[in-house]
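Here the structure is laid out as structure tokens; the discussion comes afterwards.
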Amino acid sequence: MNSIQYSVVVPLYNEEEVVNETYRRLKEVMNLTGESYEIIFVNDGSKDNTLEIVKDICINDKNIKLISFSRNFGHQIAITAGMDSSSGNAIIVIDADLQDPPEVILEMIKKWKEGYEVVYGKRIQRKGETFFKKFTAKVFYRSLNKMTDVNMPVDTGDFRLIDRKVCDALKSMPEHNRYVRGLVSWLGFKQTAVEFVRQERFAGETKYPLKKMFKLASDAITSFSYKPLKIATCIGSIFTLLSMCYLIYSIYEVLIGGAILALMFLLQGVTLITIGIVGEYIGRIYDEVKERPLYVISEKDGF
């Protein structure tokens, strides 16, 4: 067994308004365990004073460690880097915005000690989020589950506890376009949920605007399902058949001009969409064959 019992991984990107409060609440919770722990802050190329604040915290608290990237590599990569550098027998991942209450960690630890190797937080209510975000999240998680052969729990994020053996298994999966919660589900192991109410963001702005949410959804789907390719083939076959039928009908009715032109534009659109879907998969293959490192660390403190 490791000398450190718990490693808490906290990805940071422009969190100067909240990082001190995050540290205070995490420290309070982890001290209640009465066991050894480390809190690993991963600075994902922040452009504000996040790095300086965490450096000061490291100086005054030996339980705090810092990893700072050379640039912004993304949330999922920051989580990965924290796990790679963790030493605990159990690793907890939590975002810095305090939407996921640190106090839930104590319930996760209890489940882990009961023998569960993955304990994920399940949101039964999401405060402070728009109807659009709630609706799209609900649709996405359920659609992803139907598209893959892996059972991925719905209404969950990256807030979870994993056993050391799960963390070590994740290290053997160095894929670049990462969807960490999906990788954990793919690995298997004994899993359970802890339900909680997700709170409003403590301060600052969300680090997952629509563009990043779309990228995460794309990574999730293309990493765990080939069904989009099958759907594209199916749609292409259907429209090819329909176009042949319509062409025969048009010739029979001596219809030329607008109708046929509109049909041509429609078929071109379907073709471009299909090419785009194939391109998403090819792009990910391209990322893998380059074999570049997942991240580059500019400095580490507290290790």
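The values are calculated or read from the model by the stated rules, or taken from the named source; none is laboratory data. Predicted model, so just to flag it, every value in this text is computed and none were measured. When we count neighbours, we look across all protein chains shown, and the Cβ atoms used for this are built from the backbone with ideal geometry, even at glycine.
Worth pointing out:
- The set of residues from region 49-68 being closer than 12 Å to Val19 by Cα and of a type in the set (Asp, Glu) comprises Glu52, Asp56.
- Candidates are the residues of region 49-71 that are in contact with a Ser or Thr (Cβ under 8 Å, 6 or more places away or on another chain) and more than 15 Å from Arg24 (Cα to Cα); the one that is surrounded by the fewest Cβ atoms within 10 Å (Cβ to Cβ) is Ser70.
- Qualifying residue in region 282-303 (condition: surrounded by fewer than 12 Cβ atoms within 10 Å (Cβ to Cβ), in contact with a Lys or Arg (Cβ under 6 Å, 6 or more places away or on another chain) and either closer than 30 Å to Phe69 by Cα or modelled with pLDDT under 70 (or both)): yes
- Test: residue in region 217-239 that is closer than 26 Å to Glu15 by Cα, at pLDDT below 70, in contact with an Asp or Glu (Cβ under 8 Å, 6 or more places away or on another chain) and assigned by TED's automatic domain parsing to the domain that holds Lys110: yes
Per-residue answers, yes or no, for (1) within 19 Å of Ser85 (Cβ to Cβ); (2) of a type outside the set (Asp, Glu); (3) outside any loop (DSSP other than H, G, I, E, B):
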| site | (1), (2), (3) |
| --- | --- |
| Ser3 | yes, yes, no |
| Val9 | yes, yes, yes |
| Arg25 | no, yes, yes |
| Glu28 | no, no, yes |
| Glu38 | yes, no, yes |
| Val42 | yes, yes, yes |
| Gly45 | yes, yes, no |
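- Residue count for region 272-294, restricted to those that are in contact (Cβ under 8 Å) with a residue 40 or more places away in the chain and closer than 19 Å to Ser172 by Cβ: 5.
- Any hit, region 59-72, residues being in a helix (DSSP H, G or I) and within 23 Å of Tyr179 (Cβ to Cβ): no
Residue-by-condition table, conditions (1) within 15 Å of Asp97 (Cα to Cα); (2) touching a Phe, Trp or Tyr at 6+ places or on another chain (Cβ under 9 Å); (3) free of Cβ contacts under 8 Å to residues at least 60 places away in the same chain:
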position	(1), (2), (3)
Leu12	yes, yes, no
Tyr37	no, yes, yes
Phe41	yes, yes, yes
Asp56	no, no, yes
Asn60	no, no, yes
Ile64	no, yes, no
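- Flag set for Asn2, criterion: at pLDDT below 95 and farther than 14 Å from Gly302 by Cα.
- Helices (runs of 4 or more DSSP H) contained in region 110-206 and holding at least 3 residues at pLDDT 75 or above and under 14 Å from the mean Cα position of the chain (by Cα): 180-187
- Reported count of residues in region 78-91, each being out of contact with any helix residue (DSSP H, G or I) (no Cβ under 9 Å at 6 or more places or on another chain) and buried (at least 20 other Cβ atoms within 10 Å of the Cβ), is 3.
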